[in-house]
1. Ignoring everything except DSSP H segments at least 4 long, calculate the 222 nm mean residue ellipticity for the chain; use -39,500 (n - 2.57) per segment, divide by total residues, nearest 500.
2. Along the charge dipole of the chain, pointing to its positive end and built from +1/-1 on Cβ of Lys, Arg, Asp and Glu, which listed residue (Pro51, Ile17, Ala86) has its Cα farthest out?
3. So, in Å, what gap is there between the alpha-carbon centers of the stretch 15-41 and the stretch 62-87?
4. Find the percent of Cα-Cα distances in the chain that exceed 16 Å, and round it to a whole number.
5. Pulled fully out, how much extra length does the chain show between Ile17 and Glu58, if you take 0.36 nm times their separation in residues and subtract their Cα-Cα distance?
6. Run the numbers for Asp44 and Ala27: contour at 0.36 nm per residue of separation, minus the present Cα-Cα distance, in nm.
7. Can you tell me how much longer the chain between Arg73 and Glu85 gets when fully stretched, taken as 0.36 nm per residue apart minus their C-alpha distance, in nm with one decimal?
8. Carbon and sulfur together cover what percent of the accessible area of the stretch 1-89 at a 1.4 Å probe radius?
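The values are calculated or read from the model by the stated rules, or taken from the named source; none is laboratory data. Here the structure is a predicted model, which means the values were calculated and not measured. Glycine gets a Cβ as well: all are built from the backbone with ideal geometry, and neighbour counts include every protein chain shown. Just the protein is used for accessible areas: all its heavy atoms, side chains included, with ligands, DNA and RNA removed. Shrake-Rupley method; radii C 1.70, N 1.55, O 1.52, S 1.80 Å.
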Amino acid sequence: MTTLFLLLALIGTAAWITATVSLRMKALERRADRLEHRLGLVLDHFGIEEPEPAGLDEVRALARDGRTIEAIRVYRRVTGADLGEAKRAVEAL
């Protein structure tokens, strides 16, 4: 009986920790999005263009040759983007 109680307590604690971490991550993501938006406004206000990462010429060449997967892989390596962002960027090329 005590083992069952301890197991339930452990599961409950793990669920609570997971929920807490998840909420904190969502809050941090929203904050990062707001900061990126504000930075974009500042850059636009001063007429500053974000420099293009080195290596995008290789990505464009791969995409032009129909080698989409390789282009996505190189884009991720060059920019540090996640898979979804890299796929959308390469498709936009």
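1. Result for the chain: -27500 deg cm²/dmol, rounded to the nearest 500.
2. With unit charges placed on the Cβ atoms, the residue in question is Ile17.
3. The distance from the Cα centre of the stretch 15-41 to that of the stretch 62-87 comes to 26 Å.
4. On the way: 3047 of 4278 pairs.
Distances greater than 16 Å cover 71 percent of the Cα pairs.
5. Once the chain is fully extended between Ile17 and Glu58, it gains 10.4 nm.
6. 3.5 nm
7. Values: separation 12, 0.36 × 12 = 4.32 nm, distance 1.14 nm.
Here the answer is 3.2 nm.
8. Values: 4700 of 7610 Å².
Result for the stretch 1-89: 62 percent of the exposed heavy-atom area is carbon or sulfur.
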